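The values are calculated or read from the model by the stated rules, or taken from the named source; none is laboratory data. All values derive from a computational prediction rather than experimental measurement. As a convention, Cβ positions derive from the backbone with ideal geometry for all residues, glycine included, and neighbour counts pool all protein chains shown.
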Amino acid sequence: MPSPIFDKEALDAILLTLELASLTTVLLLVIASPLAWWLARSRSWWRGPVGALVTLPLVLPPTVLGFYLLVALGPHGPLGQLTQAMGWGTLSFSFAGILLGSLVYSLPFAVQPIQHAFEAMGERPMEVAATLRAKPLDAFLSVALPLARPGYLNAAVLSFAHTVGEFGVVLMIGGSIPGKTRVVSTQIYGHVEAMEYAQAHWLAGGMLVFSFVVLLALNLLSRKTARVMP
């Protein structure tokens with residue numbers, strides 16, 4: 001009897017992928033906000049090296065990034081020794097491990113749109129807020145964040161979509177453990193290895209449709225933003 005197109009393993013992989021992408025997106029928006037603000041406004045010499053480090057995952061092969069993260073998270077790596085000393089064990093081949101890898105790998109997709117939004121805002125809004133005696137944090141929350149909303153929307157969509165499509169980093173750090181680290185991309189890889197092309201076609205086709213919808217949404221969002229912005 002042929003196996004169903006969406007069996008329990010496929011559904012588990014889809015749910016785990018959505019959980020991973022959602023958590024990664026939320027955490028990245030929190031992490032990227034102060035980092036993007038500093039990169040957009042700092043005049044420090046460190047701005048160049050930090051910006052290059054943030055964008056490094058864009059050009060670094062995912063397997064290379066995943067390998068070094070795996071070494072760092074392993075029992076003899078610095079992060080692995082730290083987590084073991086705290087009683088957490090090692091994070092490699094766990095959901096927490098692939099979550100950490102996703103945060104690193106998708107970081108530029110969150111930082112860059114927000115940074116560009118802050119840069120496009122200019123200095124004037126914050127200067128006006130300062131003349132009204134607004135504290136820096138209040139001005140950031142009430143002035144900068146609303147003005148940078150398009151950047152945050154782009155960052156959220158790109159971070160979520162990029163995490164859904166991850167393969168190399170997730171496979172290196174987490175392997176493909178059913179219900180634990182097996183996401184859609186590694187599920188497709190497993191189907192292809194087993195020559196289960198029908199199941200691979202359905203999952204790959206779903207990824208294709210999802211990617212198209214994301215690009216279409218970003219295009220429509222950019223047009224809407226262009227009409228709203230003066």
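When 139, 117 are screened for being of a type in the set (Gly, Ala, Ser), surrounded by 12 or more Cβ atoms within 10 Å (Cβ to Cβ) and under 29 Å from residue 161 (Cβ atoms), only 117 passes.
Being surrounded by 13 or more Cβ atoms within 10 Å (Cβ to Cβ) and either aromatic (Phe, Trp, Tyr) or touching a Lys or Arg at 6+ places or on another chain (Cβ under 7 Å) (or both) holds for only one residue in 38, 88, and it is 38.
Being in contact (Cβ under 8 Å) with a residue 12 or more places away in the chain and either among the aliphatic types (A, V, I, L, M) or closer than 30 Å to residue 137 by Cα (or both) is true of residue 41. Of all the residues in region 65-113, those that are among the hydroxyl-bearing types (Ser, Thr, Tyr) and part of a helix (DSSP H, G or I) number 5. Filtered by the rule that a residue be within 30 Å of residue 37 (Cβ to Cβ) and either among the aliphatic types (A, V, I, L, M) or exposed (fewer than 14 other Cβ atoms within 10 Å of the Cβ) (or both), region 69-85 gives 69, 72, 73, 78, 79, 82. The criterion of being at pLDDT below 95, β-branched (Val, Ile, Thr) and outside any helix (DSSP H, G or I) does not hold for residue 14. Filtering region 125-144 to residues that are of a type in the set (Lys, Arg) and modelled with pLDDT under 80 leaves only 133. Among the residues that make up region 196-208, is at least one of them part of a loop (DSSP other than H, G, I, E, B) and either free of Cβ contacts under 8 Å to residues at least 40 places away in the same chain or at positive phi (or both)? Taking every residue of region 196-208 in turn, none turns out to be part of a loop (DSSP other than H, G, I, E, B) and either free of Cβ contacts under 8 Å to residues at least 40 places away in the same chain or at positive phi (or both). Please count how many residues of region 186-195 are of a type outside the set (Val, Ile, Thr), free of Cβ contacts under 8 Å to residues at least 40 places away in the same chain and part of a helix (DSSP H, G or I). The number of residues fulfilling the criteria is 4. Identify the residue in region 47-66 that is hydrophobic (A, V, I, L, M, F, W, C), closer than 18 Å to residue 112 by Cβ and surrounded by 11 or more Cβ atoms within 10 Å (Cβ to Cβ) and, among all such residues, is farthest from the chain's Cα centre (by Cα). So, considering only residues that are hydrophobic (A, V, I, L, M, F, W, C), closer than 18 Å to residue 112 by Cβ and surrounded by 11 or more Cβ atoms within 10 Å (Cβ to Cβ), the one farthest from the chain's Cα centre (by Cα) is 50. In region 137-145 there is no residue matching the filter, namely being among the small types (Gly, Ala, Ser) and free of Cβ contacts under 8 Å to residues at least 12 places away in the same chain.
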